[in-house]
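Visitor: What follows is a single structure, and I will ask about it in a moment.
The values are calculated or read from the model by the stated rules, or taken from the named source; none is laboratory data. Fair warning: this is a prediction, and the values are worked out from it, not measured in the lab. Please note: Cβ atoms are built from the backbone with ideal geometry, for glycine as well, and neighbour counts cover all protein chains shown.
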Amino acid sequence: MTPKPLLAPAHLAELARFAADRTLVALDFDGTLAPIVARPGDARMRARTALLLARVARRYPVVVVSGRARRDAARRVRPAAVEVIGSHGAETRDPPRGLRAVIARARRRLAPAVRRLPGAWLEDKVYSLALHYRAARRPARVRRALAAAAAAVPGVALVPGKRVLNVVGRRAPDKGAAVAAACRARGCGAVIFVGDDETDENVFRAPRPARRLGVRIGRTRRTQAGYYLRDQGEVDAFLEALVRLRPAAVESTMTRDERAPVLGRTLDFMRLLWGLDHALQRRSKRMATHHGVTGPQRLALRIIGRAPQVSAGELAATLEIHPSTLTGVLQRLERRGLVTRRRDRGDRRRQRLELTARGRRIIQSSAGSVEQAVARVLQRTAAADLAATARVLTALVDHLEAGER
């Protein structure tokens, strides 16, 4: 079967027909909503993809059907209101009875065999297993050995993936069955399903209780999908098309961010920056009301607490602001008895800053502060994402400042 490019002008009419129906939108996660990464734990949706998915979910019933454990996939999918089905269709809110025991038995049987194969490792997802061999030097040989070991385990079946063999319950629902059940539960007469892997073919070739538009990521003839997107990056354009094709009657129920138009790469990013600035200012005002210091004031106090005897000039350099901007902040902190200044013994022209006892009490708790919010987000963010974000923001600051010189 030769799939057709879904987003080509000649085929958008078919997508429009589905958009006009009571249609379920179902998507895989890895390789579809999120790019494939070397370490599965680092997989994340792009911010733009998450925003577009939230808009789609306001207009259509949406479900994500992933090979990951349901709990793992759910914490990566935004918005959180989107239903997630895990373990290749087997793990819903009410998984099949006995499946967990079948998979546990398979894990006990397969774990020793996997340990003997260099470059292979077993991922236990409770309701399915993944036998990874991406790091194997001789992947074909390791794959055959894994397949032979799994074939000797009763009650399970193998579903191939990208450098992985998925061990699932022989009688457990696959993605095709899961999507069909989701259609029935929502009263949908049609479904659009987007996926990139062999396990997604179970949806593309499933019997048709509902009209189905199958979309494969990447152009290939080895698929039962009728359409394709060129690569994972084109998923955003697909979601954007779904948003455009649905009537705007639902706009009144949407949040401000969801109502915002898709403005393009530059303006969308600028909108995120302005939104961040607005959120920082609002949280800072709440801090002033409830804690007696604003966000910038607390940040100055925290740095002084960590670097006693810091000078005003050194503090300004650390905060990356002009000394004149810092003057007003320090004056207000001094008037409130949170900071004191002392003459530098070695240089009488320089003053050193110290926290008072009251200033130290102020910074003991971070509850409700900007700092607390930032810390919580950073804890949930992969190191690679943090490094990439830091590079982008640093480059943006440098470029903006260069324009002033």
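Visitor: What number of residues within region 233-244 satisfy the criterion of being surrounded by fewer than 20 Cβ atoms within 10 Å (Cβ to Cβ), within 16 Å of residue 214 (Cα to Cα) and either β-branched (Val, Ile, Thr) or under 16 Å from the mean Cα position of the chain (by Cα) (or both)?
Guide: So the answer is 0.
Visitor: Suppose we filter region 300-337 for residues that are assigned to a helix (DSSP H, G or I), within 37 Å of the chain's Cα centre (by Cα) and under 18 Å from residue 361 (Cα atoms); how many remain?
Guide: The qualifying residues number 7.
Visitor: Among the candidates 391, 345, which residue alone is farther than 30 Å from residue 290 by Cα and assigned to a loop (DSSP other than H, G, I, E, B)? Write out each step before concluding.
Guide: Details: 391 fails: assigned to a loop (DSSP other than H, G, I, E, B).
Step by step, each of 391, 345 is checked, and only 345 is farther than 30 Å from residue 290 by Cα and assigned to a loop (DSSP other than H, G, I, E, B).
Visitor: Sticking with this one: Are any residues in region 162-184 over 11 Å from residue 88 (Cα atoms) and either of a type in the set (Lys, Arg) or not assigned by TED's automatic domain parsing to the domain that holds residue 23 (or both), and if so, which ones? I'd like the intermediate steps shown before the answer.
Guide: Step one: list which residues in region 162-184 are over 11 Å from residue 88 (Cα atoms), which gives 162-165, 170-171, 180-184.
Correct list: 162, 163, 164, 165, 170, 171, 184.
Visitor: Within the bounds of region 319-326, is there any residue that is assigned by TED's automatic domain parsing to the domain that holds residue 352, small (Gly, Ala, Ser) and at pLDDT below 85?
Guide: Keep residues of region 319-326 that are assigned by TED's automatic domain parsing to the domain that holds residue 352, which gives 319-326.
With small (Gly, Ala, Ser) added as a condition, the list becomes 324.
Right, trim to at pLDDT below 85 and you get 324.
Yes; the residues of region 319-326 include at least one that is assigned by TED's automatic domain parsing to the domain that holds residue 352, small (Gly, Ala, Ser) and at pLDDT below 85.
Visitor: Within region 94-102, is there a residue that is farther than 30 Å from residue 269 by Cβ, β-branched (Val, Ile, Thr) and part of a helix (DSSP H, G or I)? Reasoning before the result, please.
Guide: So in region 94-102, the residues farther than 30 Å from residue 269 by Cβ come out as 94-102.
This time we only want the ones that are β-branched (Val, Ile, Thr), so: 102.
Next, from what is left, pick out any that are part of a helix (DSSP H, G or I): 102.
Looking for residues that are farther than 30 Å from residue 269 by Cβ, β-branched (Val, Ile, Thr) and part of a helix (DSSP H, G or I), one finds at least one in region 94-102, hence yes.
Visitor: Return a yes/no flag: does region 363-380 have any residue that is more than 29 Å from the chain's Cα centre (by Cα), in a helix (DSSP H, G or I) and crowded, with 16+ Cβ neighbours inside 10 Å. Walk me through how you get there before you give the answer.
Guide: Kept after step one, since they are more than 29 Å from the chain's Cα centre (by Cα), are these residues of region 363-380: 363-365.
Next cut, in a helix (DSSP H, G or I) only: none.
Taking every residue of region 363-380 in turn, none turns out to be more than 29 Å from the chain's Cα centre (by Cα), in a helix (DSSP H, G or I) and crowded, with 16+ Cβ neighbours inside 10 Å.
Visitor: Would you mention how many residues in region 43-70 are of a type in the set (Lys, Arg) and within 30 Å of residue 123 (Cα to Cα)? Step through it out loud before you land on a result.
Guide: Here is the first cut: in region 43-70, the residues of a type in the set (Lys, Arg) are 44, 46, 48, 55, 58-59, 68, 70.
Checking the rest, the ones that are also within 30 Å of residue 123 (Cα to Cα) come to 44, 46, 48, 68, 70.
Final tally of qualifying residues: 5.
Visitor: Kindly evaluate residue 243 against the criterion of being in a helix (DSSP H, G or I), of a type outside the set (S, T, N, Q) and farther than 14 Å from residue 33 by Cα. Steps first, answer last, please.
Guide: Values: in a helix (DSSP H, G or I): yes; of a type outside the set (S, T, N, Q): yes; farther than 14 Å from residue 33 by Cα: yes.
Considered against the rule, which asks whether it is in a helix (DSSP H, G or I), of a type outside the set (S, T, N, Q) and farther than 14 Å from residue 33 by Cα, residue 243 comes out as yes.
Visitor: Could you run through region 390-405 and say how many residues are surrounded by 12 or more Cβ atoms within 10 Å (Cβ to Cβ) and within 18 Å of the chain's Cα centre (by Cα)?
Guide: Final tally of qualifying residues: 0.
Visitor: Let me spell it out: the conditions are (1) among the basic types (Lys, Arg); (2) more than 18 Å from residue 107 (Cβ to Cβ); (3) in contact with a Gly (Cβ under 7 Å, 6 or more places away or on another chain), and residue 170 meets all of them except one. Which number is the exception?
Guide: Only one criterion is unmet by residue 170, namely (2).
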